[in-house]
Amino acid sequence: MKSTFSKSGIFLMPLILLISIANNSFAQKFLLLQKGSNTKTALRFQVGEEITYKSTKFDYYVTDLIVDIKTDIIVLSENVLQPKDITVVDIRNKDPRNQTIKNLSFLSMGAGVVFLLVNTVNSLYQERDLSRLEESWALSAGLMAGGYVISKLKYKEFRHKGDNKIQIVILYGD
């Protein structure tokens with residue numbers, strides 16, 4: 001006697017598996033760090049990303065992997081937190097504005113080095129000594145120092161207080 005379940009089960013199981021995978025793939029879960037209502041500077045930490053934070057339980061930074069995000073908790077690989085438990089999040093590598101600051105500082109420092117190099121070559125070529133460097137070293141040193149100062153202006157941490165808020169966002173697809 002042949003079973004009709006085995007024939008229909010072969011086609012039914014992959015269909016059920018496909019529907020369950022498709023349902024989960026359209027869901028987006030992330031942790032949103034936002035200052036006030038400014039959506040331009042909002043940062044997202046999604047499932048599978050590392051997050052470095054300080055909590056009310058620890059007075060030091062902890063780096064952990066986000067495993068899952070539920071409606072009221074964040075499940076990490078070694079901890080479970082609520083957003084209100086997080087006091088500070090390290091955003092040095094996450095904030096895209098830091099890349100702009102890095103590029104601007106390298107541009108300024110590079111301009112200082114190129115200016116010093118060009119004046120050295122011109123002085124050696126035209127005067128056959130380094131007498132022209134007395135006039136131009138201050139500008140190139142100022143450009144390099146300015147680039148260094150700009151590089152220290154990077155956004156380092158997101159403090160969870162005042163207008164700064166940490167929210168759990170769960171979006172489901174159609």
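A compact table of results
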quantity: Residue ranges of strands (runs of 3 or more DSSP E) in the stretch 53-108 with at least 2 members over 25 Å from K40 (Cα atoms) and open to solvent by less than 70 Å² (accessible area, probe 1.4 Å); calculated: 62-69, 74-76
quantity: Selection count, the stretch 116-173, where residues are assigned to a helix (DSSP H, G or I), open to solvent by 80 Å² or more (accessible area, probe 1.4 Å) and of a type in the set (A, V, I, L, M); calculated: 5
quantity: Positions within the stretch 25-45 being part of a strand (DSSP E or B) and more than 16 Å from I86 (Cβ to Cβ), in sequence order; calculated: Q28, K29
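The values are calculated or read from the model by the stated rules, or taken from the named source; none is laboratory data. Since the structure is predicted, the reported quantities are computational estimates derived from the model, not experimental observations. Note that we place each Cβ from the backbone using ideal geometry, even for glycine, and neighbour counts take in every protein chain shown. Areas reflect the complete protein model, heavy atoms only, side chains present, ligands, DNA and RNA absent. Shrake-Rupley method; radii C 1.70, N 1.55, O 1.52, S 1.80 Å.
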